[in-house]
Amino acid sequence: MSHDAEHAEKRWYLVVYDIRDPRRWRRAYRILKGSGERIQYSLFRCRLSKTEMEHLRWELHRELADEDDLMFVHLCPRCAGRVKIKGSAEDWSHDPPRYQIL
């Protein structure tokens, strides 16, 4: 696999955070909203290349304080295919729809 192909390959990540300050929480939420889909209050699913994931992690770390928690969980394709969400028919085997920023 070429170096470019390795960085372009998209993978599923669960991004979980616990942010104590409402202002920091809103800033983190806005950053994540542009990168993935909110599943629960402080849980997003994101389909990102390794480069995109590192950039997102860097952006979030700039906003968070030492008292805040942030976790990225990579899901392999097999694990992503086993994710079940109550009340939702979400399919994690395909890329999510792209959003156009106006």
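Quick notes on this structure:
- Label-point separation in nm, Asp21 to Leu70, each point 7 Å along Cα→Cβ: 1.4
- A Förster radius of 30 Å, combined with the Cβ-Cβ distance separating Glu54 from Arg82, puts the computed FRET efficiency at roughly 0.70.
Computed from the coordinates by the stated procedures, all read-outs in this text should not be read as laboratory data. What you are looking at is a predicted structure, and each value in this text was computed from that prediction instead of being measured. Using ideal geometry, Cβ is built from the backbone for each residue, glycine included, and neighbour counts are taken over all protein chains shown.
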